[in-house]
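Okay, so here's the structure we're looking at.
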Amino acid sequence: MRNRDFRRLMGFRIFTILSYQVVAVTVGWHVYELTRDPWMLGLIGLAEVLPYFCVAPFAGYLVDHLPRRRLGAFAAGGLAITPLLLVAIAAGWWQAGTPAIYAAIALTGCVRAFLGPVYNAVFARVLPREQYVRGASLGSIVFQSGLVTGPAIGGFLVGWAGKPVAYGVAAAFAACAAAAMLRLRVSEPAPQLQRTPIFASIAEGARFVFGHQVLLGALALDMFAVLFGGAISLAPAFIKEILHYGPEGLGILRAAPALGAVAVGVWLARHPLDRNAGRILLAAVVGFGLCMVGFGLSTAFWLSAFFLLLSGVCDGVSVVTRSTIMQLATPDHMRGRVSSINGLFVGSSNEIGAFYAGSMARLLGLVPAVVLGGCVTMGVAAVTAWRAPELRTLHLGKLGLGKRD
């Protein structure tokens, strides 16, 4: 943390997360107020993930070939446009319904495709290799801190100041992220004299990931766990139909998993994982599934929040381990493309998981959908342990380091 550019990078990270989370809480409440339909909450995730899927491979290519700092500032500026559009809708300045809200969220999906690749590529330029493990833990703490405070801020603003104010604050956070990225002073990789054609370059990154059993196993494990265990997207429905709380309660539920992840991130920053990291990762995913089952069966607000807190502890272990594996295993000249593939695996799974959860809630009901998702998550961990033995026996100290340019 004595590294000034690392602190600025952490500022970029937390401000983008705060902006995104305030919008996520506010727009979920906004849409449910308009529709009273949990399936419409799932469509929020679908509206974001479809453009994300389309843009992410090209975003990774651009991050590997263009100035990363400028791309990061451009993406953060784009992140501010969505809440500004939603301010106009919520305040009644633009008479539009839910389709316009989904269109605004689709813009977030496009610009968010750049945020992860930029962060991961710049991360490797501001820290030496020997600090990657602790840096990943600190990055996870900052990320999860944003997930704690963002929903709490969003829920508070919606409850006490209204949706337009909440959206306006989200736009201000995005502007702060752009400023933090522009203040970074970091070396860029040397430009390539002969550039591989764009589609061949994207395919090269995909071949690297799919040919690396440990990296592929970690990404797939996290993707399917989030996909099937994404009960948090149904929190607005649980708040209104089962737990009978207001928007402040929604902020607490959205913040609880991140609070648990922050706690475990602090521990891992002081006690980094090394030996038996693969087994610990698999056990954490099983624990995450159990917590989702407990959340689905609970009818008491604070017990539900407790299960989500424990799920955050398990997810925090998974996030730090996966981030460390990706940083150690990826060559510097491929970080943008590999990070984009990571986003397709993990980042998009949140939105697809929201759509899956909303669809299953409509078919089965809220509680059966969440319980089933938790059980499937535990099954995914068992299959991954069987199919990826190198991940099961992973010791981080034996994982090859990526090369700097």
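The values are calculated or read from the model by the stated rules, or taken from the named source; none is laboratory data. Bear in mind the structure is a predicted one, so any value in this text is a computation, not a measurement. No Cβ is skipped: glycine too gets one built from the backbone with ideal geometry, and neighbour counts run over all protein chains shown. Quick note on the areas: whole protein, heavy atoms, side chains included, nothing else; ligands and nucleic acids left out. Shrake-Rupley method; radii C 1.70, N 1.55, O 1.52, S 1.80 Å.
What to note about this one:
- Prolate/oblate/rounded label for region 1-51 (Cα gyration tensor, a/c 1.5): prolate
- The simple Förster model, with R0 at 41 Å and r as the Cβ-Cβ distance, assigns ALA300 and ASP332 a FRET efficiency of 0.25.
- Hydrophobic, long helices, defined as DSSP H runs whose alpha-carbon span along the helix axis is 20 Å or greater and whose mean Kyte-Doolittle value is at least 0.5, occur in the chain at 38-65, 68-90, 98-126, 132-160, 163-182, 213-228, 247-270, 277-297, 301-329, 366-387.
- Most to least packed among 360-369, 301-310 [average Cβ atoms within 10 Å]: 301-310, 360-369
- Mean-square fluctuations from a GNM of the chain, with a 10 angstrom spring cutoff on Cα atoms, peak among ALA100, ALA354, ALA73 at ALA100.
- Range of Cα positions in the chain per principal axis (Å), largest first: 55, 46, 40
- Highest mean packing first, where packing is the average number of other Cβ atoms within 10 Å per residue, the peptides 80-92, 143-155 line up as 143-155, 80-92.
- Span from the region 298-343 Cα centroid across to the region 11-71 one, whole angstrom: 17 Å
- Inter-site label distance for HIS395 and ALA161 at 7 Å from Cα along Cβ, in nm: 5.2 nm
- The length gained on full extension between THR35 and ARG134, counted as 0.36 nm times the residue separation minus their Cα-Cα distance, comes to 31.2 nm.
- Å² of accessible area per residue within region 232-285, as computed with a 1.4 Å probe and no ligands counted: 41 Å²
- In the chain, helices alone account for a calculated mean residue ellipticity at 222 nm of -27000 deg cm²/dmol, with every DSSP H run of four or more residues adding -39,500 (n - 2.57).
- Long-range amide H partners of LEU394 with built H, under 5 Å: GLY278, ARG279
- The residues of region 1-148 have, on average, 37 Å² of accessible surface per residue, using a 1.4 Å probe with all protein chains present.
- Ranked by the mean number of other Cβ atoms within 10 Å per residue, highest first, peptides 249-257, 272-280 order as 249-257, 272-280.
- Ligands, DNA and RNA left out, the 1.4 Å accessible surface of the chain is 67% carbon and sulfur atoms.
- Region 310-396, accessible area per residue, ligands and nucleic acids excluded (1.4 Å, Å²): 32 Å²
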